[in-house]
Amino acid sequence: MFRALLFLPVACLLATEVTAQWTPEWQVQGLGTVLATPFVGAGLGIGVRSGGRVRTALSVSGGSREASVAVRTEAVASFHLTAFRARGWAPYAGGGVAVTFTRDAVWEALTMLVGIETNPGGRSGWFFEGGVGGGLRVSAGFRGRIL
């Protein structure tokens, strides 16, 4: 028991070092899909950038699907080619899952996207995405760092 208590400070120090490499973000976006599951909406998201080039994100958008109120959630992981560039445009690609809800039905889809963002290594910037996921998917918005 006493040995386990001695290990606790070391575990806390290691956890601090790992979380120091993560960068939390928020985003506001407009999102639309056409064809298979048409949707138009806007929403919010949160994401985490690793110490490298990977970003994972979860977003929720409210909007309309064929004149019905709908909610679309997405969980996406993306790989950023020039993730540390403080200024300028930087490309990325990613994929994940999306679920669109209405009162009457639920549609699930795999998503694949390519995007471009401004200032990926800076405090905030714009992003534009295109791809597939429940039809042709287009998204644009603004991201900012939480810390």
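Tell me the per residue accessible area of the chain using a 1.4 Å probe; a whole number in Å² is fine.
58
Hey, if you put +1 on the Cβ of every Lys and Arg and -1 on every Asp and Glu Cβ in region 12-147, which of T37, L81, S59 ends up farthest toward the positive end of that dipole?
The residue sitting farthest along the positive end of the dipole is L81.
So how much slack lies between A36 and V114, counting 0.36 nm per residue of separation and subtracting their Cα-Cα distance, in nm?
26.2 nm
Name the residue farthest towards the positive end of the dipole of the chain from the options P120, V71, A105, assuming +1 on Cβ of Lys and Arg, -1 on Cβ of Asp and Glu, about the Cα centre.
Toward the positive end, the furthest listed residue is P120.
Please check which bits of region 79-98 a label hung off I46 would reach, taking the label as a point 7 Å along Cα-to-C-beta and the cut-off as backbone N under 13 Å.
The answer is none, because no backbone nitrogen lies closer than 13 Å to the label point.
Assuming a ≥ b ≥ c are the square roots of the Cα gyration tensor eigenvalues, decide whether region 32-119 counts as rounded (a/c under 1.5), prolate (otherwise, with a/b larger than b/c) or oblate.
The shape class here is prolate.
Calculate the dipole size of the chain relative to its Cα centre from +1 charges on Lys and Arg beta carbons and -1 charges on Asp and Glu beta carbons; express the result in debye to the nearest 20.
It comes to approximately 420 debye.
What is the extension gain from A86 to F101, computed as 0.36 nm multiplied by their sequence separation minus the C-alpha to C-alpha distance, in nm to one decimal? Walk me through the intermediate numbers first.
Values: separation 15, 0.36 × 15 = 5.40 nm, distance 3.74 nm.
Fully extending the segment from A86 to F101 adds 1.7 nm.
Between W22 and L136, how many nm apart are label points set 7 Å from Cα along the C-beta direction?
Spacing of the two 7 Å Cα→Cβ label points: 3.7 nm.
To the nearest 500 deg cm²/dmol, what mean residue ellipticity at 222 nm is calculated for the chain from DSSP H runs of n ≥ 4 alone, each contributing -39,500 (n - 2.57), summed and divided by the residues?
Per the formula, -4000 deg cm²/dmol.
Quantify, in whole percent, the carbon and sulfur part of the accessible surface of the chain (1.4 Å probe; protein heavy atoms only).
About 72 percent, which is the carbon plus sulfur part of the accessible surface.
With the cut-off at 1.5 for a/c, could you classify region 74-147 from its C-alpha gyration tensor as rounded, prolate or oblate? Write down the numbers at each step before the final one.
On the way: a/c = 2.72, a/b = 2.09, b/c = 1.30.
Judged from the Cα gyration tensor, region 74-147 comes out prolate (a/c at least 1.5, a/b above b/c).
Taking trypsin sites (Lys or Arg not before Pro) as exposed when DSSP calls them loop (any state but H, G, I, E, B) and at most 14 other Cβ atoms lie within 10 Å, what is the longest stretch of the chain free of them, the sites themselves excluded?
Details: sites that count: R87, R103, R123.
By the stated rule (loop sites, at most 14 other Cβ atoms within 10 Å), 1-86.
The values are calculated or read from the model by the stated rules, or taken from the named source; none is laboratory data. Fair warning: this is a prediction, and the values are worked out from it, not measured in the lab. We place every Cβ from the backbone using ideal geometry, glycine too, and count neighbours over all the protein chains shown. The area values use the complete protein model at the heavy-atom level, side chains included, leaving out ligands, DNA and RNA. Shrake-Rupley method; radii C 1.70, N 1.55, O 1.52, S 1.80 Å.
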